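Colleague: Mind having a look at this structure? Questions to follow.
The values are calculated or read from the model by the stated rules, or taken from the named source; none is laboratory data. Note that this is a predicted model, so its numbers are computed, not measured. Note that we place each Cβ from the backbone using ideal geometry, even for glycine, and neighbour counts take in every protein chain shown. Calculation scope for accessible area: heavy atoms of the full protein, side chains included, ligands and nucleic acids excluded. Shrake-Rupley method; radii C 1.70, N 1.55, O 1.52, S 1.80 Å.
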Amino acid sequence: MDQQTSRARKLQALGILSGFTAGAWLGAAEAPTKLVSVGISPVVISLIMVVGVFLARWSLPALILGTSSIHADVRRAPHLMIWAVLAGCIWAVANTLTIFAIREVGLSIAFPLWNSNSLLGILWGFVFFNELRQAGWRRWAGVLGGALMMCVGATILAVASAAQGPAAHSMRGVWAALGAGVLWGTMYIPYRKAYLTGMNPLSFVTFFTFGELGMMGALAVGYTGLGPLGHQLMGARDVLFWLMLGGFIWVIGDVFQQYAAKYVGISRGIPLSNSNQLWGLLWGILVFGELLGRSASVYAQVIGGSLLMMLGVGAIAFSSATGEEQKQWREAAQRECRRYGVAADYVEARMQGRQASGERKPTRNALDWLLVGVATSAFIFLGAMARVPQMSLHWGAMAILSVASVILLLVCGVALWRTTRFQ
């Protein structure tokens, strides 16, 4: 029993670390979307980012565990492929809304607004997956108090957005960011279903991307038309590399977000990964010079609102699940087992971050190296044509933020490998 309790605490700590690492990389991934300021269509930006996401979602799992692990997961829980594709469709629409939001109100303001998805994550986690059941009043107070602080912070930022430009444009950006938050908050329902059923996060994200790419392709063609879309892509060919790189970086953050959702639940994992709002604030203000020349009151509102939301995130993050609440999680997992006919021992082992008994060790094959090679070649090809956009950037701040993100990546990656072997 002591060993089980120790293991649960270790996995919760790992989930918290994964959430903060996800925040750093998800925040960095949105930086290339600032290219809207040099006249590139938001739809084109979103489409090319999704292409980068597609390449990353297949090459990274192939490199880490191999496609044999994906095949084994699909055989045990084939129904999750449908949920993954659905989640990908939702993500594509939400991501497109974020591009419009950034264009209208800027990165430092849009980020905290779409991170209202934390509130929906708390709700869906409680309603569908028994999260916060039997958690005790202190945990409830931490989660609900944190949610209230996040709402207040978001309101302050929405008011600050009125100073960014014409009122019509500002409110359009606010609604786009909030709409993305609603969609992303709902998208986490398939995430949690997958991990309660035992699927490896690296397996889930590969099928997720079919929904992303299919939906985004349909949106791009429907919004601009096939011919104009082709002309826009050709006109933007010298910056396509940066947009695809943004998608690749986003996937790195999303992989850690998946592990956070697995080990601490969506009611806590989403707020943790939403620490990306602080990273977005730092990238927007320090690297891109957003709010430069604005009044002191606007600075106070944006920074104060973001910090208040971060306090809310912290309150939620440290309201860790107790043993009683984790029993409720297991009941939700057993319900999923009965509903879809998945072996209980497989689900229990995966919830503990271990391989199930009799499960073969993942191996890499020629297909895995082919996927890695194709992704690498695509980036090299586009990188050869790339140019640095004519934008005002603060390179010193960019270097510091990039190094900090890499350090988090290495620390969390090593911890995941040692504790779970990326299970």
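Colleague: Express the C-alpha Rg of the stretch 194-250 as a ratio against the empirical globular expectation 2.2 N^0.38 Å, rounded to two decimals.
Modeller: Working: Rg = 15.3 Å, N = 57, 2.2 N^0.38 = 10.2 Å.
Here the Cα radius of gyration is 1.49 times the empirical estimate.
Colleague: Past the 25 angstrom mark, what percentage of all C-alpha to C-alpha distances in the stretch 271-423 do you count? Please list the in-between numbers first.
Modeller: Numbers: 7045 of 11628 pairs.
Here the long-distance tail beyond 25 Å is 61 percent of all Cα pairs in the stretch 271-423.
Colleague: In nm, what is the difference between 0.36 nm times the number of residues separating V388 and V414 and their Cα-Cα distance?
Modeller: 6.1 nm
Colleague: Provide the gained length on full extension for the span R339 to R421, in nm with one decimal, where the gain is 0.36 nm per separating residue minus the Cα-Cα distance. Mind dumping the intermediate values first?
Modeller: Working: separation 82, 0.36 × 82 = 29.52 nm, distance 2.81 nm.
Between R339 and R421, full extension yields an extra 26.7 nm.
Colleague: Hey, another quick one. Accessible surface of R387 in the full protein assembly, 1.4 angstrom probe, to the nearest 10 Å²?
Modeller: Surface open to solvent at R387 totals about 100 Å².
Colleague: Please give the per residue accessible area of the chain, computed with a probe of 1.4 Å over protein heavy atoms only, in Å². Before the final figure, lay out each step's value.
Modeller: Numbers: 16840 Å² over 423 residues.
Using a 1.4 Å probe on heavy atoms only, each residue of the chain averages 40 Å².
Colleague: List the DSSP H helices in the chain whose Cα atoms stretch 30 Å or more along the helix axis and whose mean Kyte-Doolittle hydropathy is at least -0.5.
Modeller: Numbers: long enough: 2-29 (40 Å, 0.03); 42-64 (32 Å, 2.06); 80-105 (37 Å, 1.66); 137-161 (35 Å, 1.20); 167-196 (44 Å, 0.41); 201-224 (34 Å, 1.15); 240-264 (36 Å, 1.08); 296-317 (31 Å, 1.64); 395-420 (37 Å, 1.78).
Passing helices, by number: 2-29, 42-64, 80-105, 137-161, 167-196, 201-224, 240-264, 296-317, 395-420.
Colleague: With the full set of protein chains in place, find how many percent of the accessible area of the stretch 77-141 is carbon and sulfur; take the probe as 1.4 Å.
Modeller: Numbers: 1620 of 2220 Å².
Ligands and nucleic acids excluded, carbon and sulfur reach 73 percent.
Colleague: Please work out how much accessible surface R76 shows to a 1.4 Å probe, ignoring ligands, DNA and RNA, in Å² rounded to 10.
Modeller: Here the accessible area works out near 90 Å².
Colleague: Using every alpha carbon pair in the chain, what percent of pairs falls into each 10 Å bin from 0 up to the bin containing the largest distance?
Modeller: Final binned percentages: 5, 23, 33, 25, 11, 2, 0.
Colleague: Considering the dipole of the chain built from charges on the beta carbon (Lys and Arg +1, Asp and Glu -1) around the Cα centre, which of L291, S306, L63 is farthest to its positive end?
Modeller: In the chain, that residue is L63.
Colleague: Using a 1.4 Å probe and counting only protein heavy atoms, arrange H394, H71, H79, H231 so the residue with the most accessible area comes first.
Modeller: Values: H394 85, H71 110, H79 30, H231 145 Å².
Per-residue accessible area, sorted high to low, gives H231, H71, H394, H79.
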